[in-house]
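First the structure, in the form of structure tokens, and then the observations on it.
The values are calculated or read from the model by the stated rules, or taken from the named source; none is laboratory data. Everything quoted here is computed from the prediction, not taken from an experiment. Reconstructed Cβ throughout: ideal geometry from the backbone, glycine too, with neighbour counts over all protein chains shown. With ligands, DNA and RNA removed, areas are computed over all heavy atoms of the protein, side chains included. Shrake-Rupley method; radii C 1.70, N 1.55, O 1.52, S 1.80 Å.
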Amino acid sequence: MAEGLWYFSPTGTGRAVAEGLEERFPGLTLHGLTTPEERAGAPRPEAGDRGTLIFPVYANGVPELLLDWLEELPVRPVRWVLIAVYGSVNRGQALEECARAVTEKGGTVVGAAALPGPHCYDCVPGVPKRTNAWDWLALEAFYRDVKERERGICLPPPGAHVPQRLMAWLCAPPPKRGAGCTGCGSCAAVCPTGGRGCIRCGACVRVCPTGAKRLVFRTPLPLWYIRRGMAEEKTAFFQK
Ligand SMILES: Cc1cc2nc3c(=O)[nH]c(=O)nc-3n(C[C@H](O)[C@H](O)[C@H](O)COP(=O)(O)O)c2cc1C
């Protein structure tokens, strides 16, 4: 039976992990959840399935757009492997929050991993290139082990965190269309919100072929916070 892997990945780190797992573990079927169209069209896991869910850490938690998708899942006993990729600052409580969301839908978490990666704001020079070969060795061993001998795991319940819309608002105004916009529509095609309520993920900035889209921070605080946190990047795996 094909096994599903769902990923929400506005700036591509999680998608690269998903594709790496697909290459290493034949039989996985990938489903994107990044854009509104993808979320609407993605199949839901069936009762008894094992599914892998890959997502970025946003403001120490799970991206709200993904929580909304999880909220709409039917109640089914699905065994989940959760993989949070984060910008090497802080994995926060994203795994715990996601575990709670899937458990509320009748699921069980059989394995969870947090992988440090490059921060999508690209503002720190000299950040080590993650996910690197060592991360992959560890991730592969973890994933194989979970598949072969899965057992339930228990993550602590999540605490409070900063609302993501508020954080986004404090950090940066939505990326502006600068001079040079040709109206090609690449930005609209990758926008995880479908253009309503910018979450400051920076996906549009990355795909803009002329550099007309720019994300500008209101204060130097986010850059300071990110640089400060970078010293502590860690990979973490949770299994019984
Ligand atoms: C709105 C927002 C909030 C973020 N919050 C965190 C955070 O709390 N901790 C962290 O380490 N990285 C944080 N990041 C960085 C992302 O987790 C990181 O870049 C991740 O690899 C992006 O995944 P993707 O490329 O699959 O979209 C944040 C990024 C955005 C856009």
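Couple of notes before you dig in:
- For region 164-228, a simple Cβ point-charge model (Lys and Arg +1, Asp and Glu -1, everything else neutral) yields a dipole of about 160 debye relative to the Cα centre.
- In whole angstrom, region 1-128 maps to an equivalent ellipsoid with semi-axes of 23, 16, 13, each derived as √(5λ) from the alpha carbon gyration tensor and ordered largest first.
- Taking every DSSP bridge with both residues inside the chain, close to 20 percent are antiparallel.
- Using just its DSSP H runs of length 4 or more, each adding -39500 (n - 2.57), the chain gives a mean residue ellipticity at 222 nm of -9500 deg cm²/dmol after division by all residues.
- Expressed as a whole percent, the accessible area of the chain that falls on carbon and sulfur atoms is 56 (1.4 Å probe).
- Computed about its Cα centre, the charge dipole of the chain is approximately 740 debye, with only Lys, Arg, Asp and Glu carrying charge at their Cβ.
- Dimensionless Rg ratio for region 164-228, taking C-alpha atoms and the 2.2 N^0.38 Å reference: 1.15
- Rolling a 1.4 Å probe over the heavy atoms of the protein chains gives region 164-228 an accessible area of 62 Å² per residue.
- Other residues lying with their Cβ under 12 Å from the Cβ of Leu221 contribute a combined charge of +3, Lys and Arg counting +1, Asp and Glu -1.
- The largest accessible area among Glu46, Glu64 belongs to the first residue in Glu46, Glu64, and the rest follow in falling order (1.4 Å probe, all chains).
- All alpha carbon pair distances within region 58-116 were sorted into 5 Å bins beginning at 0; the resulting P(r) in whole percents reads 4, 20, 30, 24, 15, 5, 1.
- Of every Cα-Cα pair in the chain, the percent that sits beyond 31 Å: 21 percent
- Selection among Ala212, Gly195, Leu21 by position relative to the dipole of the chain gives Ala212 as farthest towards the positive end (Cβ unit charges, Cα centre).
- Protection proxy ranking of 134-147, 91-104, by the mean of other Cβ atoms within 10 Å over each peptide's residues and highest first, is 91-104, 134-147.
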